[in-house]
1. Report the label-to-label distance for K158 and W306 in nanometres (one decimal), using points 7 Å from each Cα along the Cα→Cβ vector.
2. Tell me, what is the Rg over Rh of the range 1-147, with Rh the Kirkwood radius over Cα pairs?
3. Going by the alpha-carbon gyration tensor, a ≥ b ≥ c the square roots of its eigenvalues, is the range 88-218 rounded (a/c under 1.5) or, if a/c is not under 1.5, prolate (a/b greater than b/c) versus oblate?
4. Keeping every protein chain in place, order E154, E382 by accessible area at 1.4 Å, biggest value first, i.e. largest first.
5. Once ligands and nucleic acids are excluded and a 1.4 Å probe is used, how much of R7 is accessible, expressed in Å² to the nearest 10?
6. Ignoring ligands, DNA and RNA, how do D195, D377, D335 rank by accessible area with a 1.4 Å probe, largest first?
7. Could you please put V181, V60 in sequence from largest to smallest accessible area, using a 1.4 Å probe?
8. Taking all pairs of different Cα atoms in the range 295-340, averaging 1/r and flipping that mean, what Kirkwood radius in angstroms comes out?
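The values are calculated or read from the model by the stated rules, or taken from the named source; none is laboratory data. Keep in mind that what you see is a predicted model, and the values were worked out from it rather than measured. Reconstructed Cβ throughout: ideal geometry from the backbone, glycine too, with neighbour counts over all protein chains shown. Surface areas here come from the heavy atoms of the whole protein model, side chains and all, with no ligands, DNA or RNA. Shrake-Rupley method; radii C 1.70, N 1.55, O 1.52, S 1.80 Å.
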Amino acid sequence: FVEKILRVQPKVKRLYLLVRATDNESATQRFRKEVIEKDIFRVLRNNLGADLESFIFERVTPISGDISDENFGIKDCILREEMSKEIDIVLNSAATTKFDERYDVALGINTYGALHVLNFAKKCIKLKVLLHVSTAYVSSEKGGNILESPLHTEDTPKGTSRLVINAEKEVVEEYLDRLRVQGATKEEITSTMKDLGIKRAKLYGWPNTYVYTKALGEMILGQFHQNLPLAIIRPTMVTSTYKEPFSGWIEGASLSIFTFRYFTQNPWIDRNGKSINVPNPKIFSSIASFQAYMDIRYILPLKVLWLANLVLCQYYRGIYINLNRKVRVVMQLVDLYKPYVFFTSRLALFIVMISFSIVFSMYPLIIISFCFPYSFDDSNTEKLRVAIRESDVDENLFNFDPRCIDWEDYIMNTHIPGLKKYSMKP
C-alpha cells in the first residue's frame, strides 16, 4: 500500500505510518529495514536511485505505536495534535491473522484495536473516510449468496444469543486472573488463551479466533461510528502481485493444485544439489472421504502400534509418540483451515495441499477439494469500478478487476515462481 501510494500519488503530503517499536527512532529503523529495503520498491528504486530514501521520508513519518492501546500509545501530545489537524484518511489494515491466536491478543488487536482507530479517527477534523480492512470470512460458513451488509451483535451465525462484546473482554480477564492465581506458566497461559478463543468463536458460530474477532471489530465500528464516513472492505485472500509494480512479489506462502504440477515440471533443488521429489497427490471430494482415508491409512495403524507397545513393553514408544504427534497436528490444521481451503476464480474453486512428505515427513501429499458452498456479492466493488471507468482517472493505475486474470497462467507462471523466489527455502 505504501509503495503504491508513493508511486502513483507522489504529491501526497504526508503518510503517518504506525509501526510497532519501542520509540520513533526504532520505528524508523524497522520501516527502513522491513519496508523500504524490500524488493517491492524496486521500480521506485530504479526510478529514483540514491534519492529514494529522501523521497520517501519527505512523505512518510513512521510512528511508534500499537492499535491495542488508546491513542495508539503515542505519548507525544504535539504529534497527536498535528495528526488530528492534518489527516484526511485513516486506513486500518492492522490485524493478527493467526487462526488460533491467543484470545486476549486477538481481541485486543482485531476488536478493540478497531475501536481505538475509530476513536482516533473521530478526532481528525479534516477526515473524509475511515477505511477498515476486514475479511470476507466474517460471514462464517453461511451458504448461498453473501451480501455486502454490515454485521450486528444479534447477527451471530448460530443465532442462539446476542453477543455482548464487553462481556467477552470480562471473560478473558477472569481467565487470566484465575491462571495467575494458579501460578500457570507462560506456556500454559498461551495454550489456555488459544483454546478459549476457538471455544468462544465456535460458541457463536465462527470457525476460528481470527474471523470471530474481526467480526466483532466490524460490529464495534458499526455500533459507534455515528456520522463518521466509514468503508469496510472484505478481501478473500492475498496472493502475489499480478502486474504492479511487477509480477510475482509476495510475503507469505500458500500451496494449490498447480504447485504439484509446477514442481513436477520444474524440480526444486535442495542445498546439496539434489532435486526434491513431489509425490503424487491424493484428491478428496469431501472432508468425510479425507477422514476415512486418514482413519485407514494412519489412525488405525497407530492404534495397532499402541496395542503393540502394550504387549512389547513400550518397545515402539518413540515411534508411536512421533507419528501420533504428526497426525494430530495435521488433523488440527485441517480443522482450522477447513473453511478456507479454496482457491477461487469466477468459474472454479480449488484446493489446499497439506504435504505430509515435505512438512511432516509423511507420505503422501494430500489435497482436499470441496464444493464451495457460497459466493460473495460484489455489487459495491463493481460500482467503484464503473465510477473509475467514468472518471478521468487512469484506469490502468487502479485496475482491480479479477475477470481479466487467466488463473491457471497466473498461478503457474506468476504466483508459484514468486513464492519460490520470495517465500520458500528448499
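1. About 2.8 nm, to one decimal.
2. Over the Cα atoms of the range 1-147, Rg/Rh equals 1.00.
3. oblate
4. My answer, sorted largest first, is E154, E382.
5. Probe radius 1.4 Å; accessible area of R7 about 60 Å².
6. The residues order as D195, D335, D377, largest area first.
7. So the residues, ranked largest to smallest area, are V181, V60.
8. The answer is 11.4 Å.
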